[in-house]
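Taking it in order: structure first as C-alpha coordinates, then the write-up.
The values are calculated or read from the model by the stated rules, or taken from the named source; none is laboratory data. Since we're looking at a predicted model, the values are computed, not measured. In this analysis, Cβ positions are derived from the backbone assuming ideal geometry, glycine residues included, and neighbour counts consider all displayed protein chains.
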Amino acid sequence: MLSGKRILLIIGGGIAAYKSLDLIRRLRAGGATVRCILTAGGGQFVTPLSVASLSGDKVYSELFDLMNEAEMGHIQLSRDADLLVVAPATADLMAKMAHGLCDDLATTALLATDKPVLIAPAMNVRMWGHAATQRNLATLRGDGVAVVGPNEGDMACGEYGPGRMAEPDEIVAAVISALSPPVKPLAGLRALVTSGPTHEPIDPVRYIANRSSGKQGFAIAAAAQAAGADVILVTGPVDLDDPAGVAVKHVESARDMLEQVEASLPVDIAIFAAAVADWRVANAGEQKLKKTAAGMPPLQLVENPDILATISKLSDKRPPLVIGFAAETEHLIDNARAKLARKGCDWIVANDVSPATGVMGGDRNTVHLLTRDGGAASTDIKVESWPVMGKEQVATELVARIASSLTGKTPEKTL
Ligand SMILES: Cc1cc2nc3c(=O)[nH]c(=O)nc-3n(C[C@H](O)[C@H](O)[C@H](O)COP(=O)(O)O)c2cc1C
(Lines give C-alpha, C1' and ligand atoms only; values in the text may rest on other atoms or scores of the structure.)
Protein backbone atom coordinates (compact mmCIF):
# COMPACT_ATOMS: atom_id res chain seq x y z
CA MET A 1 0.00 0.00 0.00
CA LEU A 2 2.83 2.41 0.80
CA SER A 3 5.16 1.32 -1.93
CA GLY A 4 6.46 4.29 -3.90
CA LYS A 5 4.58 6.82 -1.76
CA ARG A 6 6.40 9.95 -0.64
CA ILE A 7 5.67 11.18 2.87
CA LEU A 8 6.76 14.53 4.24
CA LEU A 9 6.85 14.01 8.00
CA ILE A 10 6.83 17.11 10.19
CA ILE A 11 8.02 16.41 13.72
CA GLY A 12 6.80 18.97 16.25
CA GLY A 13 8.00 19.80 19.73
CA GLY A 14 6.29 17.27 21.97
CA ILE A 15 7.40 14.39 24.14
CA ALA A 16 5.81 12.02 21.62
CA ALA A 17 8.46 12.98 19.05
CA TYR A 18 10.36 9.84 20.07
CA LYS A 19 7.51 7.74 18.65
CA SER A 20 7.96 9.47 15.30
CA LEU A 21 11.34 7.78 14.96
CA ASP A 22 9.54 4.44 15.02
CA LEU A 23 6.94 5.87 12.63
CA ILE A 24 9.68 6.68 10.10
CA ARG A 25 10.98 3.13 10.36
CA ARG A 26 7.53 1.62 9.83
CA LEU A 27 6.66 3.87 6.91
CA ARG A 28 9.92 2.99 5.21
CA ALA A 29 9.44 -0.69 5.94
CA GLY A 30 6.10 -0.39 4.11
CA GLY A 31 7.93 0.94 1.03
CA ALA A 32 7.40 4.70 1.49
CA THR A 33 10.07 7.36 1.09
CA VAL A 34 10.12 9.59 4.16
CA ARG A 35 11.51 13.10 4.12
CA CYS A 36 11.48 14.94 7.45
CA ILE A 37 11.10 18.48 8.66
CA LEU A 38 12.14 18.86 12.27
CA THR A 39 10.76 22.00 13.93
CA ALA A 40 12.88 23.96 16.39
CA GLY A 41 10.66 22.50 19.14
CA GLY A 42 10.98 19.00 17.68
CA GLY A 43 14.76 19.38 17.75
CA GLN A 44 14.56 19.70 21.54
CA PHE A 45 13.18 16.17 21.79
CA VAL A 46 14.89 14.15 19.03
CA THR A 47 18.17 14.80 17.30
CA PRO A 48 18.53 15.58 13.61
CA LEU A 49 21.07 12.77 13.48
CA SER A 50 18.52 10.15 14.60
CA VAL A 51 15.92 11.47 12.17
CA ALA A 52 18.43 11.55 9.29
CA SER A 53 19.70 8.06 10.08
CA LEU A 54 16.24 6.55 10.17
CA SER A 55 14.86 8.43 7.17
CA GLY A 56 18.00 7.92 5.08
CA ASP A 57 17.78 11.55 3.96
CA LYS A 58 18.93 14.91 5.20
CA VAL A 59 16.70 16.63 7.71
CA TYR A 60 15.09 19.95 6.85
CA SER A 61 14.73 22.58 9.56
CA GLU A 62 15.54 26.06 8.33
CA LEU A 63 13.22 28.21 6.25
CA PHE A 64 15.87 30.75 5.42
CA ASP A 65 18.49 28.33 4.20
CA LEU A 66 19.72 29.63 0.90
CA MET A 67 21.35 26.35 -0.01
CA ASN A 68 18.12 24.43 0.43
CA GLU A 69 16.01 27.09 -1.23
CA ALA A 70 18.25 26.65 -4.25
CA GLU A 71 18.21 22.83 -4.02
CA MET A 72 14.80 22.12 -2.51
CA GLY A 73 12.60 25.11 -1.73
CA HIS A 74 9.83 24.97 0.86
CA ILE A 75 7.22 24.88 -1.88
CA GLN A 76 8.86 22.01 -3.71
CA LEU A 77 9.31 20.14 -0.41
CA SER A 78 5.59 20.25 0.25
CA ARG A 79 4.56 19.53 -3.35
CA ASP A 80 6.97 16.67 -3.87
CA ALA A 81 5.14 14.60 -1.28
CA ASP A 82 1.99 12.52 -1.70
CA LEU A 83 0.99 13.24 1.89
CA LEU A 84 2.10 15.56 4.69
CA VAL A 85 2.02 14.01 8.15
CA VAL A 86 2.42 16.10 11.30
CA ALA A 87 3.43 13.85 14.21
CA PRO A 88 3.43 14.91 16.90
CA ALA A 89 1.05 17.74 16.04
CA THR A 90 1.57 20.03 19.02
CA ALA A 91 -1.03 22.52 20.22
CA ASP A 92 1.24 25.22 18.82
CA LEU A 93 1.46 23.66 15.36
CA MET A 94 -2.30 23.06 15.26
CA ALA A 95 -2.96 26.68 16.21
CA LYS A 96 -0.58 27.95 13.54
CA MET A 97 -2.09 25.66 10.90
CA ALA A 98 -5.64 26.67 11.81
CA HIS A 99 -4.76 30.34 11.44
CA GLY A 100 -2.51 30.08 8.40
CA LEU A 101 0.60 31.25 10.22
CA CYS A 102 3.89 30.36 8.58
CA ASP A 103 6.89 31.59 10.53
CA ASP A 104 9.11 28.54 10.09
CA LEU A 105 9.79 25.85 7.50
CA ALA A 106 7.17 23.39 8.82
CA THR A 107 4.26 25.84 8.89
CA THR A 108 5.29 27.41 5.57
CA ALA A 109 5.38 23.99 3.90
CA LEU A 110 1.95 23.21 5.41
CA LEU A 111 0.49 26.42 4.05
CA ALA A 112 2.13 26.04 0.64
CA THR A 113 1.01 22.48 0.04
CA ASP A 114 -1.62 21.24 -2.36
CA LYS A 115 -1.42 17.71 -0.95
CA PRO A 116 -3.53 15.99 1.75
CA VAL A 117 -2.47 16.54 5.34
CA LEU A 118 -2.78 14.15 8.28
CA ILE A 119 -2.11 15.24 11.85
CA ALA A 120 -1.47 13.11 14.94
CA PRO A 121 -2.14 15.48 17.87
CA ALA A 122 -0.23 14.90 21.10
CA MET A 123 -0.36 17.07 24.17
CA ASN A 124 -1.29 17.37 27.81
CA VAL A 125 -4.93 16.54 28.52
CA ARG A 126 -5.75 20.13 29.52
CA MET A 127 -4.10 21.56 26.43
CA TRP A 128 -6.16 19.11 24.33
CA GLY A 129 -9.41 19.95 26.12
CA HIS A 130 -8.82 23.70 25.96
CA ALA A 131 -11.49 25.52 23.98
CA ALA A 132 -8.82 27.10 21.75
CA THR A 133 -7.36 23.71 20.76
CA GLN A 134 -10.83 22.28 20.12
CA ARG A 135 -11.70 25.32 17.98
CA ASN A 136 -8.47 24.85 16.03
CA LEU A 137 -9.22 21.15 15.60
CA ALA A 138 -12.69 21.92 14.21
CA THR A 139 -11.17 24.47 11.83
CA LEU A 140 -8.57 21.99 10.62
CA ARG A 141 -11.18 19.26 10.09
CA GLY A 142 -13.28 21.77 8.20
CA ASP A 143 -10.25 22.52 6.03
CA GLY A 144 -10.07 18.84 5.12
CA VAL A 145 -7.18 17.91 7.39
CA ALA A 146 -7.35 14.25 8.48
CA VAL A 147 -6.82 13.53 12.17
CA VAL A 148 -5.62 10.37 13.89
CA GLY A 149 -5.91 10.14 17.67
CA PRO A 150 -5.15 11.32 20.20
CA ASN A 151 -5.68 8.31 22.45
CA GLU A 152 -6.69 8.27 26.06
CA GLY A 153 -4.18 7.03 28.62
CA ASP A 154 -1.40 7.89 31.03
CA MET A 155 0.59 10.90 29.95
CA ALA A 156 4.28 11.63 30.31
CA CYS A 157 3.32 14.59 32.54
CA GLY A 158 1.66 12.21 35.03
CA GLU A 159 -1.94 13.07 34.14
CA TYR A 160 -4.51 10.78 32.55
CA GLY A 161 -6.89 11.43 29.66
CA PRO A 162 -7.03 12.07 25.94
CA GLY A 163 -3.85 13.59 24.55
CA ARG A 164 -1.47 10.68 23.94
CA MET A 165 -0.31 10.54 20.35
CA ALA A 166 -1.73 7.61 18.35
CA GLU A 167 0.68 4.67 18.21
CA PRO A 168 2.93 4.42 15.14
CA ASP A 169 0.95 1.45 13.72
CA GLU A 170 -2.28 3.49 14.03
CA ILE A 171 -0.63 6.40 12.24
CA VAL A 172 0.59 4.08 9.47
CA ALA A 173 -3.02 2.79 9.05
CA ALA A 174 -4.24 6.39 8.88
CA VAL A 175 -1.56 7.21 6.31
CA ILE A 176 -2.69 4.28 4.15
CA SER A 177 -6.30 5.39 4.48
CA ALA A 178 -5.42 9.03 3.64
CA LEU A 179 -3.55 7.87 0.54
CA SER A 180 -6.33 5.56 -0.65
CA PRO A 181 -8.83 6.85 -3.18
CA PRO A 182 -12.00 7.92 -1.37
CA VAL A 183 -14.78 5.34 -1.29
CA LYS A 184 -18.01 6.86 -2.55
CA PRO A 185 -20.59 4.25 -1.57
CA LEU A 186 -23.57 6.46 -2.34
CA ALA A 187 -22.37 7.41 -5.84
CA GLY A 188 -25.25 7.34 -8.30
CA LEU A 189 -27.90 7.65 -5.56
CA ARG A 190 -30.13 10.65 -4.89
CA ALA A 191 -30.63 11.72 -1.29
CA LEU A 192 -33.14 14.21 0.05
CA VAL A 193 -32.53 15.81 3.45
CA THR A 194 -34.74 18.26 5.33
CA SER A 195 -33.45 20.45 8.12
CA GLY A 196 -34.08 23.39 10.38
CA PRO A 197 -37.29 24.74 11.86
CA THR A 198 -40.28 25.98 9.92
CA HIS A 199 -41.76 29.43 10.41
CA GLU A 200 -45.53 29.54 10.53
CA PRO A 201 -46.85 33.06 10.01
CA ILE A 202 -49.12 34.77 12.51
CA ASP A 203 -49.21 37.88 10.38
CA PRO A 204 -46.74 39.41 7.85
CA VAL A 205 -44.16 40.15 10.59
CA ARG A 206 -44.67 37.50 13.25
CA TYR A 207 -44.35 33.75 13.17
CA ILE A 208 -44.36 30.58 15.30
CA ALA A 209 -41.00 28.79 15.26
CA ASN A 210 -38.89 26.36 17.28
CA ARG A 211 -35.27 26.25 18.43
CA SER A 212 -33.91 23.93 15.72
CA SER A 213 -30.60 25.24 14.32
CA GLY A 214 -30.48 22.98 11.25
CA LYS A 215 -26.93 21.86 12.16
CA GLN A 216 -27.75 18.14 12.21
CA GLY A 217 -29.56 18.19 8.86
CA PHE A 218 -26.79 20.25 7.25
CA ALA A 219 -24.18 17.83 8.57
CA ILE A 220 -26.13 14.87 7.15
CA ALA A 221 -26.44 16.57 3.76
CA ALA A 222 -22.69 17.25 3.72
CA ALA A 223 -21.85 13.67 4.79
CA ALA A 224 -24.13 12.17 2.13
CA GLN A 225 -22.55 14.44 -0.47
CA ALA A 226 -19.07 13.38 0.66
CA ALA A 227 -20.19 9.76 0.28
CA GLY A 228 -21.00 10.47 -3.36
CA ALA A 229 -24.77 11.03 -3.25
CA ASP A 230 -26.51 13.63 -5.31
CA VAL A 231 -28.04 15.62 -2.43
CA ILE A 232 -31.02 17.96 -2.25
CA LEU A 233 -31.37 19.80 1.05
CA VAL A 234 -34.72 21.42 1.80
CA THR A 235 -34.19 23.69 4.75
CA GLY A 236 -36.26 25.99 6.87
CA PRO A 237 -34.78 29.33 7.99
CA VAL A 238 -31.33 28.75 9.52
CA ASP A 239 -28.18 30.74 10.09
CA LEU A 240 -25.78 28.35 8.32
CA ASP A 241 -23.81 28.45 5.08
CA ASP A 242 -25.12 26.13 2.36
CA PRO A 243 -22.99 22.95 2.25
CA ALA A 244 -20.74 22.78 -0.81
CA GLY A 245 -21.89 20.58 -3.66
CA VAL A 246 -25.45 20.26 -2.32
CA ALA A 247 -28.57 21.61 -4.08
CA VAL A 248 -30.25 23.70 -1.37
CA LYS A 249 -33.89 24.80 -1.41
CA HIS A 250 -34.77 27.40 1.21
CA VAL A 251 -38.33 27.38 2.52
CA GLU A 252 -40.28 29.01 5.33
CA SER A 253 -43.36 27.02 6.30
CA ALA A 254 -44.24 23.33 6.62
CA ARG A 255 -46.46 23.57 3.57
CA ASP A 256 -43.59 25.10 1.50
CA MET A 257 -41.33 22.32 2.76
CA LEU A 258 -43.74 19.57 1.71
CA GLU A 259 -44.11 21.17 -1.72
CA GLN A 260 -40.33 21.23 -2.26
CA VAL A 261 -39.93 17.71 -0.88
CA GLU A 262 -42.56 16.37 -3.29
CA ALA A 263 -40.96 18.28 -6.17
CA SER A 264 -37.61 16.61 -5.35
CA LEU A 265 -38.91 13.05 -5.76
CA PRO A 266 -37.97 10.45 -6.83
CA VAL A 267 -35.00 9.90 -4.52
CA ASP A 268 -33.31 6.78 -3.19
CA ILE A 269 -32.95 8.03 0.37
CA ALA A 270 -35.06 10.57 2.28
CA ILE A 271 -33.88 11.83 5.66
CA PHE A 272 -36.32 14.08 7.46
CA ALA A 273 -34.27 15.89 10.09
CA ALA A 274 -36.29 19.13 10.02
CA ALA A 275 -38.20 20.16 13.13
CA VAL A 276 -41.43 20.87 11.27
CA ALA A 277 -44.05 22.81 13.19
CA ASP A 278 -47.02 20.58 13.98
CA TRP A 279 -49.44 23.46 13.75
CA ARG A 280 -49.93 26.70 11.86
CA VAL A 281 -52.24 29.63 12.44
CA ALA A 282 -55.45 29.13 10.51
CA ASN A 283 -56.43 32.77 10.70
CA ALA A 284 -53.03 34.41 10.07
CA GLY A 285 -53.51 38.16 9.60
CA GLU A 286 -52.97 39.60 6.16
CA GLN A 287 -51.93 42.81 7.89
CA LYS A 288 -49.99 43.19 11.11
CA LEU A 289 -52.29 42.32 14.00
CA LYS A 290 -52.93 45.32 16.25
CA LYS A 291 -53.45 45.58 19.97
CA THR A 292 -57.07 46.30 20.65
CA ALA A 293 -59.08 47.19 23.71
CA ALA A 294 -60.77 43.80 23.31
CA GLY A 295 -57.51 42.05 24.30
CA MET A 296 -55.41 39.50 22.48
CA PRO A 297 -56.51 38.35 19.03
CA PRO A 298 -57.54 34.69 19.24
CA LEU A 299 -55.19 32.49 17.20
CA GLN A 300 -56.72 29.33 15.82
CA LEU A 301 -54.24 26.56 15.18
CA VAL A 302 -54.69 23.88 12.54
CA GLU A 303 -52.52 20.85 11.93
CA ASN A 304 -49.75 21.10 9.37
CA PRO A 305 -49.22 18.40 6.77
CA ASP A 306 -47.17 15.52 8.15
CA ILE A 307 -44.24 15.42 5.73
CA LEU A 308 -42.68 12.21 7.07
CA ALA A 309 -45.96 10.27 7.06
CA THR A 310 -46.99 11.65 3.67
CA ILE A 311 -43.78 10.54 1.98
CA SER A 312 -43.58 7.22 3.89
CA LYS A 313 -47.07 6.28 2.76
CA LEU A 314 -46.74 7.19 -0.91
CA SER A 315 -47.63 4.34 -3.18
CA ASP A 316 -45.83 5.90 -6.11
CA LYS A 317 -42.32 7.37 -5.73
CA ARG A 318 -41.88 6.25 -2.09
CA PRO A 319 -38.13 6.40 -1.52
CA PRO A 320 -36.64 2.95 -0.80
CA LEU A 321 -35.25 4.24 2.50
CA VAL A 322 -37.19 6.81 4.55
CA ILE A 323 -35.63 8.03 7.79
CA GLY A 324 -37.41 10.24 10.29
CA PHE A 325 -36.14 12.10 13.34
CA ALA A 326 -37.92 12.00 16.67
CA ALA A 327 -37.07 14.94 18.92
CA GLU A 328 -38.49 14.08 22.31
CA THR A 329 -38.24 15.48 25.82
CA GLU A 330 -39.55 12.36 27.62
CA HIS A 331 -40.05 8.61 27.06
CA LEU A 332 -37.61 8.88 24.16
CA ILE A 333 -37.46 5.27 22.96
CA ASP A 334 -41.15 4.49 23.55
CA ASN A 335 -42.21 7.61 21.68
CA ALA A 336 -39.75 6.88 18.88
CA ARG A 337 -41.05 3.30 18.52
CA ALA A 338 -44.60 4.61 18.35
CA LYS A 339 -43.56 7.19 15.77
CA LEU A 340 -41.87 4.57 13.61
CA ALA A 341 -45.07 2.51 13.58
CA ARG A 342 -47.39 5.49 13.09
CA LYS A 343 -45.50 7.22 10.30
CA GLY A 344 -44.63 4.17 8.24
CA CYS A 345 -40.96 5.14 7.79
CA ASP A 346 -38.07 2.64 7.86
CA TRP A 347 -35.75 4.14 10.46
CA ILE A 348 -36.07 6.71 13.23
CA VAL A 349 -33.20 8.69 14.71
CA ALA A 350 -34.40 9.55 18.20
CA ASN A 351 -32.81 12.36 20.15
CA ASP A 352 -33.50 13.82 23.54
CA VAL A 353 -34.00 17.55 23.09
CA SER A 354 -34.75 18.44 26.72
CA PRO A 355 -33.16 21.84 27.47
CA ALA A 356 -30.57 20.22 29.78
CA THR A 357 -29.09 18.22 26.87
CA GLY A 358 -28.20 21.36 24.88
CA VAL A 359 -28.98 19.42 21.69
CA MET A 360 -31.26 22.07 20.16
CA GLY A 361 -28.88 24.65 18.74
CA GLY A 362 -25.80 22.88 20.17
CA ASP A 363 -23.02 21.00 18.40
CA ARG A 364 -23.41 17.60 20.03
CA ASN A 365 -26.12 15.00 19.94
CA THR A 366 -26.99 11.76 21.71
CA VAL A 367 -29.02 9.61 19.38
CA HIS A 368 -30.67 6.21 19.28
CA LEU A 369 -31.18 4.58 15.91
CA LEU A 370 -34.35 2.53 15.52
CA THR A 371 -34.37 0.38 12.40
CA ARG A 372 -36.63 -2.11 10.75
CA ASP A 373 -34.84 -3.45 7.77
CA GLY A 374 -37.55 -6.00 7.05
CA GLY A 375 -39.62 -3.36 5.21
CA ALA A 376 -42.22 -0.85 6.36
CA ALA A 377 -44.57 -3.62 7.59
CA SER A 378 -41.93 -5.29 9.77
CA THR A 379 -42.49 -5.08 13.51
CA ASP A 380 -38.98 -6.30 14.28
CA ILE A 381 -37.39 -3.05 15.52
CA LYS A 382 -33.76 -2.84 16.52
CA VAL A 383 -32.63 -0.04 18.87
CA GLU A 384 -28.99 1.08 18.85
CA SER A 385 -27.84 3.73 21.33
CA TRP A 386 -24.87 5.79 20.20
CA PRO A 387 -22.51 7.63 22.55
CA VAL A 388 -22.56 11.43 22.71
CA MET A 389 -21.01 12.68 19.48
CA GLY A 390 -20.56 15.86 17.50
CA LYS A 391 -23.38 16.37 15.01
CA GLU A 392 -20.90 15.85 12.15
CA GLN A 393 -19.92 12.47 13.54
CA VAL A 394 -23.57 11.49 13.98
CA ALA A 395 -24.03 12.41 10.32
CA THR A 396 -21.01 10.34 9.24
CA GLU A 397 -22.20 7.32 11.23
CA LEU A 398 -25.73 7.61 9.87
CA VAL A 399 -24.47 7.83 6.30
CA ALA A 400 -22.26 4.79 6.91
CA ARG A 401 -25.34 2.83 8.09
CA ILE A 402 -27.32 3.99 5.07
CA ALA A 403 -24.50 2.97 2.75
CA SER A 404 -24.15 -0.47 4.22
CA SER A 405 -27.92 -1.01 4.26
CA LEU A 406 -28.44 0.07 0.64
CA THR A 407 -25.21 -0.99 -0.98
CA GLY A 408 -23.31 -3.16 1.45
CA LYS A 409 -20.45 -0.64 1.18
CA THR A 410 -19.29 1.83 3.81
CA PRO A 411 -17.95 5.33 3.15
CA GLU A 412 -14.38 6.48 3.55
CA LYS A 413 -13.27 5.80 7.10
CA THR A 414 -13.20 8.94 9.20
CA LEU A 415 -9.82 9.42 10.74
C1 LIG B 1 9.13 18.97 28.35
C2 LIG B 1 8.14 19.58 27.41
C3 LIG B 1 7.19 18.77 26.82
C4 LIG B 1 6.24 19.30 25.97
N5 LIG B 1 5.32 18.47 25.39
C6 LIG B 1 4.37 18.99 24.58
C7 LIG B 1 3.42 18.14 23.97
O8 LIG B 1 3.40 16.92 24.16
N9 LIG B 1 2.51 18.71 23.16
C10 LIG B 1 2.46 20.04 22.93
O11 LIG B 1 1.57 20.50 22.21
N12 LIG B 1 3.39 20.86 23.46
C13 LIG B 1 4.34 20.38 24.28
N14 LIG B 1 5.26 21.20 24.84
C15 LIG B 1 5.25 22.61 24.48
C16 LIG B 1 5.86 22.78 23.10
O17 LIG B 1 7.17 22.23 23.07
C18 LIG B 1 5.90 24.24 22.68
O19 LIG B 1 4.57 24.73 22.57
C20 LIG B 1 6.64 24.42 21.38
O21 LIG B 1 6.63 25.80 21.05
C22 LIG B 1 6.03 23.63 20.25
O23 LIG B 1 6.87 23.68 19.16
P24 LIG B 1 6.40 23.25 17.69
O25 LIG B 1 5.48 24.30 17.21
O26 LIG B 1 7.66 23.18 16.92
O27 LIG B 1 5.74 21.94 17.80
C28 LIG B 1 6.24 20.68 25.69
C29 LIG B 1 7.22 21.49 26.27
C30 LIG B 1 8.14 20.94 27.12
C31 LIG B 1 9.18 21.84 27.74
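Within segment 95-139, the set of residues being outside any loop (DSSP other than H, G, I, E, B), more than 14 Å from the ligand (Cβ to nearest atom) and touching a residue at least 24 places away in the same chain (Cβ under 8 Å) comprises Ala112, Val117, Leu118, Arg135, Thr139. Quick check on Ala263: is it surrounded by fewer than 16 Cβ atoms within 10 Å (Cβ to Cβ), in the same structural domain as Gly196 (by TED's automatic domain parsing), over 21 Å from Leu186 (Cα atoms) and hydrophobic (A, V, I, L, M, F, W, C)? Spelling it out, Ala263 is indeed surrounded by fewer than 16 Cβ atoms within 10 Å (Cβ to Cβ), in the same structural domain as Gly196 (by TED's automatic domain parsing), over 21 Å from Leu186 (Cα atoms) and hydrophobic (A, V, I, L, M, F, W, C).
Restricting to segment 116-146, name every residue that is more than 25 Å from Asp242 (Cα to Cα) and loosely packed, with under 15 Cβ neighbours inside 10 Å. Result: Arg126, Gly129, His130, Ala131, Ala132. For segment 49-66, a tally of residues being farther than 20 Å from Gly31 by Cβ, within 16 Å of the ligand (Cβ to nearest atom) and buried (at least 16 other Cβ atoms within 10 Å of the Cβ) returns 4. The residue of segment 95-115 that is surrounded by the most Cβ atoms within 10 Å (Cβ to Cβ), among those that are touching a strand residue (DSSP E or B) at 6+ places or on another chain (Cβ under 7 Å) and either over 21 Å from Leu179 (Cα atoms) or of a type outside the set (A, V, I, L, M) (or both), is Leu105.
Only one residue in Ala166, Ala227, Ala244 is assigned by TED's automatic domain parsing to the domain that holds Pro355 and buried (at least 24 other Cβ atoms within 10 Å of the Cβ), so which one is that?
Step by step, each of Ala166, Ala227, Ala244 is checked, and only Ala227 is assigned by TED's automatic domain parsing to the domain that holds Pro355 and buried (at least 24 other Cβ atoms within 10 Å of the Cβ).
Pro48 fulfils the conditions (1) touching a Pro at 6+ places or on another chain (Cβ under 8 Å); (2) under 30 Å from Asp154 (Cα atoms) except for a single criterion, (1).
Answer with yes or no whether Ala219 is in a helix (DSSP H, G or I), in the same structural domain as Ala282 (by TED's automatic domain parsing) and either touching a helix residue (DSSP H, G or I) at 6+ places or on another chain (Cβ under 7 Å) or not basic (Lys, Arg) (or both).
So Ala219 fits the description; yes.
When Asp241 is tested against (1) free of Cβ contacts under 8 Å to residues at least 60 places away in the same chain; (2) part of a helix (DSSP H, G or I), exactly one condition is not met: (2). Candidates are the residues of segment 149-183 that are within 13 Å of the ligand (Cβ to nearest atom), of a type outside the set (A, V, I, L, M, F, W, C) and assigned to a loop (DSSP other than H, G, I, E, B); the one that is nearest to Ala29 (Cα to Cα) is Gly149.
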